[in-house]
1. Picking from A:Ala349, A:Ala326, A:Ala316, A:Ala360, which residue would you name as being within 30 Å of B:Ser401 (Cβ to Cβ), open to solvent by less than 50 Å² (accessible area, probe 1.4 Å) and in contact with a His (Cβ under 7 Å, 6 or more places away or on another chain)?
2. From the list A:Ile242, A:Ile228, which one is part of a strand (DSSP E or B), closer than 24 Å to A:Gly336 by Cβ and either modelled with pLDDT of 90 or more or of a type in the set (Gly, Ala, Ser) (or both)?
3. For the structure I just gave you, tell me whether B:Ala38 is open to solvent by 60 Å² or more (accessible area, probe 1.4 Å) and modelled with pLDDT of 95 or more.
4. Given the condition touching a Phe, Trp or Tyr at 6+ places or on another chain (Cβ under 8 Å), open to solvent by less than 40 Å² (accessible area, probe 1.4 Å) and free of Cβ contacts under 8 Å to residues at least 24 places away in the same chain, answer yes or no: does some residue in segment B:329-344 qualify?
5. Return yes when B:Pro101 is in contact (Cβ under 8 Å) with a residue 24 or more places away in the chain and either touching a strand residue (DSSP E or B) at 6+ places or on another chain (Cβ under 8 Å) or outside any strand (DSSP E or B) (or both) and no when it is not.
6. Please go through segment A:273-292 and pick out each residue that is part of a helix (DSSP H, G or I) and open to solvent by 50 Å² or more (accessible area, probe 1.4 Å).
7. Looking at this structure, is A:Ala110 surrounded by 24 or more Cβ atoms within 10 Å (Cβ to Cβ) and either within 28 Å of A:Thr19 (Cβ to Cβ) or within 14 Å of chain B (Cβ to nearest Cβ) (or both)?
8. I'd like to check something: does segment B:121-133 contain any residue that is in a strand (DSSP E or B), within 18 Å of the chain's Cα centre (by Cα) and not aromatic (Phe, Trp, Tyr)?
Number of protein chains: 2
Amino acid sequence: MELTELGKQAKEAARFLATAGTDQKNLALQTMADALIARTAELLDANRLDLADGEKNGLSRAMLDRLSLTEQRILAMADGMRQVADLPDPVGRVLDETVRPNGLRLTKVAVPIGVIAVIYEARPNVTADSAALCFKSGNAVILRGGSEALRSNTAAVRIMRDGLRDAGFPADCVQLIEDTDRETTKVLMRLNDYVDVLIPRGGAGLIRAVVENATVPVIRTGAGTCHIYVDKDADLTMAVNITVNAKTSRPSVCNAAECLLVHRDILKTALPLLASALREKGVELRADPETLGYTPGAVPADESDWGREYNDYIMAVHAVADVGEAISFISRYGTGHSECIVTENTETAERFLREVDAAAVYHNASTRFTDGGEFGLGAEIGISTQKLHARGPLGLRELTSMKYLVQGNGQVR
Amino acid sequence: MELTELGKQAKEAARFLATAGTDQKNLALQTMADALIARTAELLDANRLDLADGEKNGLSRAMLDRLSLTEQRILAMADGMRQVADLPDPVGRVLDETVRPNGLRLTKVAVPIGVIAVIYEARPNVTADSAALCFKSGNAVILRGGSEALRSNTAAVRIMRDGLRDAGFPADCVQLIEDTDRETTKVLMRLNDYVDVLIPRGGAGLIRAVVENATVPVIRTGAGTCHIYVDKDADLTMAVNITVNAKTSRPSVCNAAECLLVHRDILKTALPLLASALREKGVELRADPETLGYTPGAVPADESDWGREYNDYIMAVHAVADVGEAISFISRYGTGHSECIVTENTETAERFLREVDAAAVYHNASTRFTDGGEFGLGAEIGISTQKLHARGPLGLRELTSMKYLVQGNGQVR
């Protein structure tokens, strides 16, 4: 189908959805969740075809694992939808209310954005997840998943659309682009008449392609090169705990730490402790000339190690003269995701919190907390690293826009 | 100078500005305002050169008027800067605060966006205006004004930069691109490493060029095709007042009305009143076949009249069956700026307010109120018609982003 046709249908569905009641939307989410479970066999069949092709095409084991559906994973998908149903409706919140001197009553209310396009990679659970979050926030969604998961995604969307119809909603609240050709995706990125915002969920390559090609508004997500700065006034036990957790609890995610900055005065005491704890977890350390001698087992870092997102058991190590130099280093090499200082010195911590420009700035806690669930948003569609609209975890509220209602009794200007 | 050089300097200045105190910023705004007045002669000299070239190049009288500076207009520019100094500082506001079950304290605070680029057309007062709003909200600004006003803008920026230096700020908080070549402007639109947001202030052509070419995040402004829907339950005197005000109080601006929708049941009673009041103000009416007979002096409308921004003493007239059809018409032809219903029926009004998707939806008041000053924001840098980040008048708050401060005592995940 032509993308403009999909766009028109989405816009039409969005108009319906914008004024739907909370109970009605929650019921539809439950109906979709029920349908996913009831039709588990259909989903697994489709997934088997994707997996067979994936093996034939030499996908890595990690990729095949992310692609694969099981009964349990389908239960988890359905469960995720039910959790979104339980979250408060972000639409209709009164954000501001004033009466002007001339008697005009202004009410700023949260409204859906309209049509959201989501481009993502191989995991089919993202399909249900994105659909649920966009739907609950009153937005029609156009999904474009990875080609490797096409049959799985097609089945999941078919089932969810049936659920929507059963619940009295237009099926076009959720649509999937079945043509995963790159050119088609570029057309989607320029569908300004129909797409109100595009959210890419994926690696650096996808984000770059979107930033380069999109003319529709984009919320950039992901891409985290996070730093841990261990200050001279740090509690070293805490510094070790936080660094090990931020680096190794899940190295493949965007809130994992990539680079360790250490105050020059404590290289001798802090680095051997940090290095041995990290090496115990299998982390390869890449140290600058100044830290190399204090970092047992480290290899020399080169210029390309600064600002690099390894997504792996690798960490760069760099000495800094003070908190000011740490802030400058982060300003130069960070991606504005999550940055952390470990220190017992309140003044130093306050300066770091104030001056570091990132979605989340931490004092004495692991960067791994930058997450919709951990922040109390309930669920997230990604983590924004841009400055417009929303920054940090994107929950339901971040999927809304606003409008002014202006009520008068004949006022003219 | 190379744009990347300008970008680097802006980013550096923005880092300084981000942590500047309110008093310090207000003092700098006063210093800049003083400097503009003290150096009135220098500004007028520069402006005279622009005006002479403008006349030689055959600019219209209206254009020359917008371009021209006088002592009084310079006073007004300075006054505008002082008014911005008097507004509350939007930076540092606490937007949200929570303590998570694990003891992590999350504080969401407003921070500057960073570097804002503003592209605008011929009026030199926009130079001071944009500089003041961006500066107060803690953002470095890169200005690109129209070539017709280049000498005036260069003088104004030189004077403001001197004022910044005198007040202890980096002059690069405010920079002007002196090369007004189109290709250079395109480079600016793609300066993703340095520009956090681009705000185009100008006509439909500029906005289109920006949407088409920009890879940096954009806040789209302007472009208003506003409708007045006169319902069958309208107070006709009020309907006439509002329509005449919305159309004729300033036809060239984006919150002026362009199209009159009238409920089918009252064509005979309402249209002659509306038409004669509008014609008295010199408005040309373009009516659809159904309304033509009831609209004395109107000419037939054609398809191109729907959704058209005349910015002139012209108004389209169209009959609708009911509020639902009015909403559909607006959904199809509106630009999401300001839309108005005139009715005494609360239920009908509520439906209109709920279902119309626009930055400002009015009940019984003129669309001309969509304005930063009228909405109580103090000043505005434009009116956003997009759904992301900010919608409606863009005041100081809308020129900020946010970040999460996360304070712990060793929490790991």
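1. Selected residue: A:Ala349, the only one of A:Ala349, A:Ala326, A:Ala316, A:Ala360 that is within 30 Å of B:Ser401 (Cβ to Cβ), open to solvent by less than 50 Å² (accessible area, probe 1.4 Å) and in contact with a His (Cβ under 7 Å, 6 or more places away or on another chain).
2. A:Ile228
3. The answer is yes for B:Ala38.
4. No - not one qualifying residue is present in segment B:329-344.
5. no
6. Those that are part of a helix (DSSP H, G or I) and open to solvent by 50 Å² or more (accessible area, probe 1.4 Å): A:Leu273, A:Ser276, A:Arg279, A:Glu280, A:Pro289, A:Glu290, A:Leu292.
7. In short, no.
8. No, the conditions are met nowhere in segment B:121-133.
The values are calculated or read from the model by the stated rules, or taken from the named source; none is laboratory data. A quick note: this is a predicted structure, and the numbers were derived from the prediction, not measured. When we count neighbours, we look across all protein chains shown, and the Cβ atoms used for this are built from the backbone with ideal geometry, even at glycine. These accessible areas exclude ligands, DNA and RNA; they are computed on the full protein's heavy atoms, side chains included. Shrake-Rupley method; radii C 1.70, N 1.55, O 1.52, S 1.80 Å.
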